[in-house]
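**Student:** Dumping the structure here so I can ask a few things about it.
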Amino acid sequence: MKKNFLHLVLLLVISFSANAQTNNQYKDAGGSVQYQYITTFDLAKLNKILDSELNEFLNGSTMPFENFKGKFVAPKYPVKLYRVKYNSVVPELNNQPTIASGLVAIPENGKDSMPIVSYQHGTVFGKTQIPSFPDESMETKMMIAVFASQGYIVTGADYFGLGISTMPNSYLVKESSEQACLDMLFAAKNVLTANKIKQGPLFVHGWSQGGWTNMTFLRKLESLNIPVVAAATASAPVDGAVIVNRWMNNYQPIDAVWLPACATNFIFAKDQYNFPGLAARAIKPEYYQAAKDFYEFKIDWPTYYARTKGKIYEILNPAFMATGNIANEPFWKLLEDMQAYRWRCRTPLINYYGDSDEVVPVYIAKLPEGFHQVLGGGSNTKAISAGPKADHRATYIYSVINVKPWFDSFLK
C-alpha cells in the first residue's frame with residue numbers, strides 16, 4: 001500500500017513538472033514571433049513591489065521611500081508575464097538580420113481590449129536586467145505594478161545586445177534602438193492577437209537611456225503615422241552631443257559615480273555599430289581592457305569601478321576629448337544626429353526632470369519644452385519638475401505616479 005502510494009506521488013510530480021515545462025515553452029504567435037510564459041505577478045507580489053521592493057530601490061536616494069509611500073493606487077488585477085522573441089534587423093549594419101526579445105504583461109481582468117503602454121527601459125549594467133527578465137528590473141516591475149495591475153497592457157523591448165540577443169550591446173545606438181522598439185511593438189500585437197486580445201490606445205514612456213530612446217522612438221512612430229495618444233519621459237538625455245561634452249568637460253560633484261561606465265559603454269557601442277577602432281582611440285590604454293570587459297558583460301560594475309577612475313576625463317585620451325571642441329569629426333556629427341527633440345511633435349508630451357538629478361542636467365531635460373515653445377507648439381510639450389530634491393531614481397518614481405492619471409485622462 002505504501003509502495004503504491006509513493007508510486008502515485010512520483011507520477012503526480014512527474015506530470016506536474018512536465019506540464020510546467022510545456023507551459024514555459026515558446027509558442028508561435030505568427031509572423032516569426034514566439035512567446036513564452038514567464039510567471040504571474042499576483043496581488044501580493046504587486047503590493048510588495050510598491051512597498052518593500054521600492055523601499056530597497058530607493059535606498060540612498062535623495063528622496064527615499066517615505067516620500068512616495070501611500071501614493072500608489074492598490075493593484076486590482078494579477079498580471080501574466082510573457083517573454084517575446086522576434087525577428088528584426090540592425091540598420092547600422094546594413095540591415096543584418098537578428099533576433100531580439102522583450103516583455104508583454106497582460107492584466108488578468110477578463111477584457112478583450114485594453115490600452116497599451118510601450119515602456120523604454122533605462123541604462124543597465126547586466127545583460128538580463130531588462131523587461132523580459134522582470135524580476136531583475138525594478139523599473140519594469142514598477143510599470144507592471146502601476147499600469148498593468150490597473151488594466152493597461154505593458155510592453156518593453158530589451159534592445160539589441162540584451163536579453164536573449166547575441167548582438168553587441170546597442171547602448172544609445174539610434175537606429176537600432178528605434179528598430180528594436182518598433183518591431184517589439186508589432187510582435188506584441190501578434191502575442192495579443194494569439195490571446196484574443198485587441199490592442200487599445202497606445203501610450204509610450206521611458207526613463208534615462210529609455211527617456212532618450214522613447215523620444216527618438218516617438219519621432220519614428222509619428223513619421224510612420226502610427227498614432228500615439230500621449231507620451232512621457234523621465235530624466236531623458238535628449239541631446240547626445242551636449243550631454244557627452246558636459247560629462248567630459250564639466251565634471252560636477254553631483255555626478256553619479258557610474259557615469260564613466262556609461263561613457264565607455266557608449267563609446268564601445270559606437271565602435272561596434274558605427275566606427276570600428278573608436279574605443280582604442282578614445283580610451284586610455286590602461287583602462288581599455290576593463291572597459292571592454294565591462295561592455296561585454298564579462299565583469300560587473302564593482303570590478304569595473306575598482307579597475308578604472310571615478311571621472312570620465314581621467315579615463316579618456318586628451319586628444320580624443322579635444323576633438324569634441326569643434327565637433328567636426330564623424331563621431332561628433334553622429335552625436336549631433338542623436339538629438340531626440342528637434343521636430344514638431346504632435347503627440348501630447350511630458351518630460352519629467354529632477355532638480356538634483358546626478359545624470360541628466362535640468363537644462364538638457366527641458367530642451368524639448370523650450371524648443372517647442374520657440375516653434376509655437378509649447379502647450380503640447382511640457383517639462384515638469386519632480387522636485388528640488390529629486391535625483392535620477394526619484395524622478396522616475398515621481399513620473400510613474402503622476403503619468404498614470406494623465407494617461408487615464410485620455411481614455412475618458
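The values are calculated or read from the model by the stated rules, or taken from the named source; none is laboratory data. Predicted, not measured: the structure shown is a model, and the values here were computed from it. We place every Cβ from the backbone using ideal geometry, glycine too, and count neighbours over all the protein chains shown.
**Student:** Among the listed residues 165, 177, identify the single one that is closer than 26 Å to residue 337 by Cα, in the same structural domain as residue 215 (by TED's automatic domain parsing) and part of a loop (DSSP other than H, G, I, E, B).
**Tutor:** 165
**Student:** Hey, can you tell me all the residues within the range 145-177 that are under 20 Å from residue 401 (Cβ atoms), in contact with a helix residue (DSSP H, G or I) (Cβ under 7 Å, 6 or more places away or on another chain) and among the aromatic types (Phe, Trp, Tyr)?
**Tutor:** Result: 147, single match.
Matching residues to (1) more than 15 Å from residue 115 (Cα to Cα); (2) within 17 Å of the chain's Cα centre (by Cα); (3) among the basic types (Lys, Arg); (4) crowded, with 24+ Cβ neighbours inside 10 Å:
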residue: 197; (1), (2), (3), (4): no, no, no, no
residue: 211; (1), (2), (3), (4): yes, yes, no, yes
residue: 214; (1), (2), (3), (4): yes, yes, no, yes
residue: 222; (1), (2), (3), (4): yes, no, no, no
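**Student:** Pick out, from the range 304-412, the helices (runs of 4 or more DSSP H) lying fully within it that include 1 or more residues that are of a type in the set (Gly, Ala, Ser).
**Tutor:** Output list reads 318-326, 362-365, 367-374, 392-409.
**Student:** Let me ask something else. So for the range 227-240 (the condition being in contact with a Gly (Cβ under 9 Å, 6 or more places away or on another chain) and modelled with pLDDT under 95), does at least one residue qualify?
**Tutor:** Within the range 227-240, none of the residues are in contact with a Gly (Cβ under 9 Å, 6 or more places away or on another chain) and modelled with pLDDT under 95.
**Student:** Please find, within the range 224-245, the residue that is surrounded by the most Cβ atoms within 10 Å (Cβ to Cβ) out of those that are touching a strand residue (DSSP E or B) at 6+ places or on another chain (Cβ under 7 Å) and small (Gly, Ala, Ser).
**Tutor:** Among residues in the range 224-245 that are touching a strand residue (DSSP E or B) at 6+ places or on another chain (Cβ under 7 Å) and small (Gly, Ala, Ser), the one surrounded by the most Cβ atoms within 10 Å (Cβ to Cβ) is 234.
**Student:** Separate question: Select from the range 377-399 the residues that are of a type outside the set (A, V, I, L, M) and within 16 Å of the chain's Cα centre (by Cα) and write down the one among them that is surrounded by the most Cβ atoms within 10 Å (Cβ to Cβ).
**Tutor:** Ranking the candidates gives 395 first.
**Student:** Output the number of residues of the range 235-285 satisfying the condition of being farther than 16 Å from residue 310 by Cα and touching a residue at least 60 places away in the same chain (Cβ under 8 Å).
**Tutor:** Adding up the residues that qualify gives 17.
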